[in-house]
Every structure is written in structure tokens, then in C-alpha cells.
Amino acid sequence: MEWQPILKDTAMFVGDLLPNIIDYEAKRASFFWDEIAQELDGLPHHAGLNIAHEAVDRHANSAHGGRVAMRWLGRDGSTREFTYQDLKAQTNRVANVLRRLGINREDTVFALSGRIPELYFMALGTWKNTSIFCPLFSAFGPEPILQRMKRGQARVLFTTERLFRKKVAPFRDQMPHLEHVILADGREHAPDNVWSMSLLMADASPEFEIPPTHPEDKAIIHFTSGTTGMPKGAVHVHQAIYHHYMTSKYALDIHPEDVFWCTADPGWVTGTSYGIIAPLLHGVTNIIDEAEFDAERWYRILAEQKVTVWYTAPTAVRRLMRLDLEPRQMFDLSHLRFVASVGEPLNPEAVVWGEEKLGLPIHDNWWQTETGGIMIANLAACEIRPGSMGRPLPGVEAAIVRRTGDNTLEIIEKPGVDGELALKPGWPSMFRTYLHEEARYNKCFVDDWYLSGDLAMKDEDGYFWFVGRADDIIKTAGHMVGPFEVESALMEHPAVAEVGVIGVPEPTIGELVKAFVALKPGNEPTKALRRELLGFGRKRLGSAVAPKEIVFKENLPKTRSGKIMRRLLKARELGLPEGDTSTLEEN
Amino acid sequence: MIGKQIFNRDELKRLIFELLADIAPEADFDTLGLDEDIRLDLDIDSFDFLNFLIGLNEATGVDIPEADYGQLVTTNDICDYILARMP
């Protein structure tokens, strides 16, 4: 089916809520990054640029310091509200706590928690202290947590009693750098530097002066999955906020009076860039929901909180689509002005569903952990082509390229031809390295282009369309899972000889993690063993990463050098052409 | 669906644990409190929970519209919900 473009009626754009970009081409032509710098403050006394100053103190010290910065909705129905002034005091306390514990510039503070207010205080306080914040998804199992904390040389872990007891304490001796554990809900301090956050905070001053911060100082590490090897730590710097500010203004169309809700968890890059930083940079009210997806609850939040700008994900949209109801008849969604989605390509049906059921089409956009912020987007004032990720934002140069050699590429100018999506380095939120892996970082750049690993094409009008991944990385429920990490965990089971892990299409979550397992001699492929392996994977990796399906196979397709050919496993699983099998080992 | 087995509370509880064990075989149901948040305690994500409720619907014949998922947090919640709607 051919999807009709969704046109925007420019006559509707009047008054205060005029979209921040009306004329896309003109804005791209005239844009320069300094205009964003001018909208931000910089630290007092020319002391540099710090995320937390721009996100919190700048507003707290202004005439609108009493505005609600965060409204937190608890799983149990409770609500907590923090003004920009409250947030300033709380994050100052966190910075003082970290300083008291001897945590310095460039030390890494890891966070492992659900969406609780203390997580947000911790992130912002860490930046105030000029330390580095590294969030972990709370549905990770012990193995992904341990891997990341070891690689990131965590000195501090912020978490909760339950997560600490279950996922970290039993493995603490394997994390030699970890000195302090701060428990959000700890009632008392405990031995081995396990601290109660509330006791520490009670003793800490609400005053703090942010030390000089260079715009290029490291601020955030986001671990992201690789196709070979363990996850990579993408390092971002304080200056990334120029990009967060610009993209939330232009791609999410944030206006000063907005109530903004980003449904992503801060354990992933979207939940940090747009769930913590971007809305606060604009001084708007940021809604945070502690609970997991629940269709009715989500509609209620949109209505009761009078959300105006909503940034969500395809998995959630598709879940809402399953419900056979007319949301606008049951909920007052009249405040909602702009809806955007990210995480994986939004199918055209979902874009159009938004227009029919929410009264607003859903604007898909594209970016990844390494880019730190939105790069290509469907904009409020521009035509939407359902299924397309949109066009590059001002300040972003994107192209479709083909590698022609080890360090050469050619730009594909012809519309409609598949190639790799590449970006011209220079945008402020670009990752600056992979932690301790300079070679892996350098490999991402060819001929002065950053290669995203995503395959795409560009149409004759400059709209980009996602085609697939250039590698074996699995995209499930909007986040990336590296097959190698999953395979390594399953290989630890004594009955397992070989494992190949792929993503298979699934209508709600995009792809589902599926493992093919060959057993060692003497083990029978029973239902009981399959369940044991399923549980084994979940225990180590957690529900976010573990395979949801396991099948036994006598032989897995391998290259002559013994490498499992995931591509072939996938082709066979999906009944696709097998492609080049010349390197396949003869069985 | 007609002709489904009628469950009492204990049988229903057992069925719930069986279905959950298919998703989370590692779970220790002896330590799971009947008033604890199942998803949180057993590390069941949204997708798994959806499949669990689909399985529960198939086994009991009780329709569970997605709009009601939010009410089904603990084992007791689920028992109450299903028993009240048993044919």
C-alpha cells in the first residue's frame, strides 16, 4: 500500500504556538551553532559550560524559579513535585555528598534504579560535581551490570536496596574500583560504604558552587551494544547540551510553557538526553512516570497532566493501537500539540493511527547513542511521509554512502538507492570516544564521515528512509542488544556447546531475541533443559537482554574459521535468500 | 469461550505460577508474596506480561482487555479479577 503524505496546513500556525521552524530550507541555510550558544548562559564568571547549570540553576535563579521542573508520578498513585528552586537545592546536596565522599572530576557515578526522583537529582548533582554519569537500565541482570561497571571503573553506584541486594552485592568483590554505594531508599548507613542517601542528603548543604567546567569535559557514558565483543561506552561531553537544546526546540517543538513527557527510561540514551536534560534546558515542566507501560494509565497521564509535547516509542504506540477504543472520547487530549517517536522506525500505520485516534500524526525521528541527540526528524510544520524518518535537522549533514575501500567511501547521490547512513562530524553531542577503545571509535569514521551502521535511502526530496541494520545488532523494544553479549552468557552453561543469537521480527517490540543452541554430547534437547537455559539467561542478563526464545539445533552454520554465521541463521529462520555462503564450513 | 474448567482460588494461583514459570523459569515462587508486584519482583517486562495475560485468558476463558492490565499487579489482584469474571 502506498501511504499518502500528511500535509500541514500552515494557516493553522498562529500566535504563540507557532512551530519553531516554519521554513525548513531557510532555517537550515541560515542556522549556526552560535545562535544556540547565545540562548544559554555559560557558567558565571566565564567558568565554562555545565549541563546542570543550564538545566537547573539558570532557571532557579531567574524569575520563573518557582515553576515546576519535575512532576513525578509514583507507581502507587502518589505525586511529587519539584520546582527549579527545589531541584537546585537537591542537586547541590548531591554534589556536596559526592564531594564529601571524595568523588572528583572525571570519576564515574553509575546509576541503577527505576524512574525515581532521586535518580534525576543524582544525574544533575553528578554533573555539578563535574563527575561523569553512567546510567544502567534497571532490568539488566547482574552480568550486563558487572560488565559495564568494570569497564567504566565505577567508583560510586547509586541504586536501591532491592536492586543492590539482588544484582550487585553478590558480585561486589569483582568490582575493584567501586568504593561507595548510595541507596536511594536506604534507612541507615551500612558497613562497606553502603550509604543511606537520605541521611547523606540531610547532612549536606543546599549551597554549591559549580567548579569551572570545560565544554569538552566528559559528562556522560552510555553503554551501547556491539555486534562483536562486549558493549562499548560512548562518551559524551557537557557541550552536548547545545544539541539537546536545539533538537528539542526544532524537532520536538518545545515552547516555554510546555508540559513535556518523554516515556523513555534514563537507562537508555533517549531517557537521559530527552527524559532529563532537554526539557530542563528549556525550563519547562518534565513529567516522569515511575510505572511501566499501561495503556489506560498513559492516556490518563496525557489528559490529567495536560501534556503538550509527548516523546514516545513505536513499541508503546503499537501497544496503544491494540486497544480498540477512541481515546479522545474517554480522555481529554486537547492539550496535546505534538507527538514524536524514536527507538526504531515507526511503521506508517502508526503514524496515521495517531492522526485518526489522537488527532495528531506521530512524528518519527532518527538518532542513536553515538549521536547523543536527534539528527533526522519529521518536523511540526513539515509534511510527514509515513514510514520516513524525516530530514536532517539544522546543523546536521547526512548522506547515504557506500564503502569503497578500507578508508574510502562514495556518496550515493541518486535518490532511492540503499546505502549506509552517514553523518558529517561536528555536531556538539557527537560521542567523543568509546571508553578505553580508541581503535573501535576510529573505525566508525571513514573519510571524515561518521558511519552509523544503519542502512537507509534518501528520496528525491531529501527524506530519509530506514532500510535495516548493516550488522547483527538486535533492536528490541527500542533498545539495542548485542548478540555476542547474549551468546557469551549462555555459553557459560555446562550443557551448551555453541550459541548463535539473532533478532526475529515481532509485531509489537520490533525484534525478539532468539537463541539457537547446540548442546554438548551427552545432553538431551528436552523441554526441561530449554526452560533451564531460559532461566539461566534471564538470571544473568535480565529480562531486557535475555533471549525470549531458545531452540536447539544440532549444528549451527559456521565459517571455516569457526565463526557462527548469524546472518545465515537469520536467513534460514525467516526463509530469506541465503546470500553468499562460500565461507560456510562443510558439515 | 465455553466449557473451560472452573477454577477455585488455589487452582488459579497454581495456574498463574505455571504460566509465569514458562516465562521466568528461574523464579522462586515460594518467596513471592501474593501482594507483591509480579513484574517488579520476577523481572517480567511488558512484552512478557502481555504474553502471560494472553495465556491466562486462553486457560481460563476470561477476557482481559488491555485497558485493564494496569489493575493486575499482584497475584491476589489477578485472582480477584479472574474469579469475579469466571463464567
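Classified by the C-alpha gyration tensor, region A:44-455 has an oblate form. Its axis ratio a/c, with a ≥ b ≥ c, is 1.5 or above, and a/b does not exceed b/c. Work from the charge dipole of chain A (Cβ charges, +1 for Lys and Arg, -1 for Asp and Glu, about the Cα centre) and give the residue of A:Pro19, A:Ile400, A:Met491 farthest towards its positive end. It is A:Met491. Summary value for chain A: 13 percent relative contact order, contacts being C-alpha pairs under 8 angstrom separated by 6+ residues. Our summary gives region A:474-574 a relative contact order of 28 percent, counting only alpha carbon pairs under 8 angstrom and 6 or more residues apart. In a simple Cβ point-charge model (Lys, Arg +1; Asp, Glu -1; nothing else charged), chain A has a dipole of about 1680 debye relative to its Cα centre. With a ≥ b ≥ c taken as the square roots of the eigenvalues of the C-alpha gyration tensor of region B:9-85, please select rounded if a/c is under 1.5 and otherwise prolate if a/b is larger than b/c or oblate if it is not? Because its axes are fairly even, with a/c under 1.5, region B:9-85 counts as rounded. Computed over chain B with a Gaussian network model linking Cα atoms closer than 10 Å, the most mobile of B:Glu18, B:Glu58, B:Glu26 is B:Glu26.
Scalar couplings 3J(HN,Hα) for region A:240-247, obtained by applying the Karplus form with A = 6.51, B = -1.76, C = 1.60 to θ = phi - 60°, are 3, 5, 4, 6, 4, 5, 4, 6 Hz; x denotes Gly and Pro. As a proxy for reagent exposure, A:Leu379, A:Leu124, A:Leu199 were ordered by neighbouring Cβ count within 10 angstrom, fewest first; the result is A:Leu199, A:Leu379, A:Leu124. Considering only B:Gly70, B:Gly33, B:Gly55, the mean-square fluctuation computed in a Gaussian network model of chain B, springs between alpha carbons under 10 angstrom, is largest for B:Gly70.
For the peptide B:22-34, the mean number of other protein chain Cβ atoms found within 10 angstrom of a residue's Cβ is 3.
For region A:550-587, trypsin sites (Lys or Arg not before Pro) are listed when DSSP marks them as loop and at most 14 other Cβ atoms sit within 10 Å of their Cβ; the list is A:Arg560, A:Lys563.
Peptides A:496-507, A:112-123, A:458-469, A:335-346 ranked from most to least packed, by the mean per-residue count of other Cβ atoms within 10 Å: A:112-123, A:335-346, A:496-507, A:458-469.
Most simply put, the protein assembly as shown has about 60% antiparallel DSSP beta bridges, counting only bridges with both residues inside it. Would you give the gap between the C-alpha center of region A:457-509 and the C-alpha center of region A:331-369, rounded to a whole Å? If you average the Cα positions of each part, the centres end up 24 Å apart.
Bridging of A:Lys558 to lysines at a Cα separation below 30 Å is possible for A:Lys232, A:Lys443, A:Lys475, A:Lys514, A:Lys520, A:Lys527, A:Lys539, A:Lys548, A:Lys570, once same-chain residues fewer than 8 apart are set aside.
The order of A:Ser561, A:Ser388, A:Ser225, going from fewest to most other C-beta atoms within 10 Å of their C-beta, is A:Ser561, A:Ser225, A:Ser388.
Note on A:Trp268, A:Trp367: ascending count of other Cβ atoms within 10 Å places them as A:Trp268, A:Trp367, the fewest first. Each residue of region A:210-216 was assigned a 3J(HN,Hα) from its phi angle through the Karplus expression (A = 6.51, B = -1.76, C = 1.60, θ = phi - 60°), giving 5, x, x, 10, 7, x, 8 Hz with x at Gly and Pro.
Straight-line cross-link reach from A:Lys357 at under 21 Å between alpha-carbon atoms covers these lysines, not counting any fewer than eight positions away in the same chain: A:Lys8, A:Lys306. Calculated [222 nm] ellipticity per residue, helices only, for chain A: -6500 deg cm²/dmol; basis is -39500 (n - 2.57) per DSSP H run with n ≥ 4, divided by all residues, nearest 500. Between the beta carbons of B:Leu32 and A:Ala29, assuming R0 = 60 Å, the FRET efficiency works out to 0.50 to the nearest 0.05.
So what's the gap between the Cα centers of region A:389-421 and region A:101-125, to the nearest angstrom? Here the answer is 38 Å between Cα centres. For the pair region A:308-325 / region B:1-49, the C-alpha centres are spaced 26 Å from each other. Does region A:325-478 classify as rounded, prolate or oblate by the C-alpha gyration tensor (a ≥ b ≥ c root eigenvalues; a/c under 1.5 gives rounded; else a/b over b/c gives prolate, otherwise oblate)? Prolate shape, in that a/c is at least 1.5 and a/b is the bigger ratio.
All of the numbers you see were taken from the coordinates with simple rules; none came from a lab. Note that the coordinates shown come from a computational prediction; the quantities given were computed from them, not determined experimentally. Glycine also receives a Cβ, built like all others from the backbone with ideal geometry; neighbour counts cover every protein chain displayed.
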